[in-house]
Amino acid sequence: MANYIDAEQLRELLLPLGFIEEQGTQEEALIFWRRLENRDLRSPFAFSHLRASLDHYVFRLEGWNQGRLKKAAKAELIVLETPEDLEPYKEIILEKDRNAGEQLPAFIGFFAQQLQALEEEKLSSPMYKAALKNLELMAQAANQVDLE
């Protein structure tokens with residue numbers, strides 16, 4: 001397994017999970033998208049959309065609950081007029097430099113299990129609730145900043 005995250009590794013990991021590679025992107029800046037069947041507007045971690053990107057330095061996996069955001073915008077709690085307005089509401093699930101290639105398959109495998117639970121389990125099931133909590137913990141870990 002490569003120590004370096006590259007385009008081929010990402011394709012092998014993400015395309016079987018239903019991600020679609022954005023056409024027109026170059027090897028130096030790959031972008032993959034996935035839309036999930038989401039019916040839960042209660043949690044920002046019940047993702048309806050996922051975006052994976054790889055640039056020269058970093059692999060980033062982000063998610064957001066579009067239905068929840070639309071509902072908030074309709075209630076005039078937030079403003080979503082441009083794509084840039086969405087940025088503060090995205091949850092970063094994973095952010096690693098490109099040298100983390102050995103860790104990526106295990107993470108993506110676990111992440112895929114959580115997504116499967118979100119799509120297939122009843123909202124009230126223990127598996128659904130556990131998956132939601134795991135996604136929240138992933139986002140918290142990705143957003144933790146070391147001050148030392």
If I model a spin label at Glu102 and Tyr4 as a point 7 Å from the Cα along the Cα→Cβ vector, what separation in nanometres do I get? 1.6 nm
Using the heavy atoms of the protein chains alone and a 1.4 angstrom probe, what is the accessible area of the chain per residue in square angstrom? 61 Å²
Sort Met138, Met127 by accessible area with a 1.4 Å probe, largest first. Met127, Met138
If I stretch the segment between Glu76 and Asn134 completely, what's the gain in nm (0.36 nm per residue apart, minus their alpha carbon distance), one decimal? 17.9 nm
May I ask you to list the aspartates and glutamates whose Cα is less than 13 Å away from that of Lys71, ignoring any residue fewer than eight positions away on the same chain? Asp40
Measure off 7 Å from each Cα along the Cα-to-Cβ vector at Glu87 and Ser125, then give the distance between these two points in nanometres to one decimal. 3.8 nm
With the dipole of the chain defined by +1 on each Lys or Arg Cβ and -1 on each Asp or Glu Cβ, the option from Ile78, Ile31, Phe110 whose Cα lies farthest towards the positive pole is Ile78
Of the accessible area of the chain, with the probe set at 1.4 angstrom, what percent is carbon plus sulfur? 52 percent
Restricting to DSSP H runs of at least four residues, report the calculated mean residue ellipticity at 222 nm for the chain, -39500 (n - 2.57) per run over all residues, nearest 500 deg cm²/dmol. -11000 deg cm²/dmol
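The values are calculated or read from the model by the stated rules, or taken from the named source; none is laboratory data. These figures come from a predicted structure and were not determined experimentally. Don't worry about glycine lacking a Cβ; one is built from the backbone with ideal geometry, like all the others, and counts go over all protein chains shown. All accessible areas refer to the heavy atoms of the entire protein, side chains included, with ligands and DNA or RNA removed. Shrake-Rupley method; radii C 1.70, N 1.55, O 1.52, S 1.80 Å.
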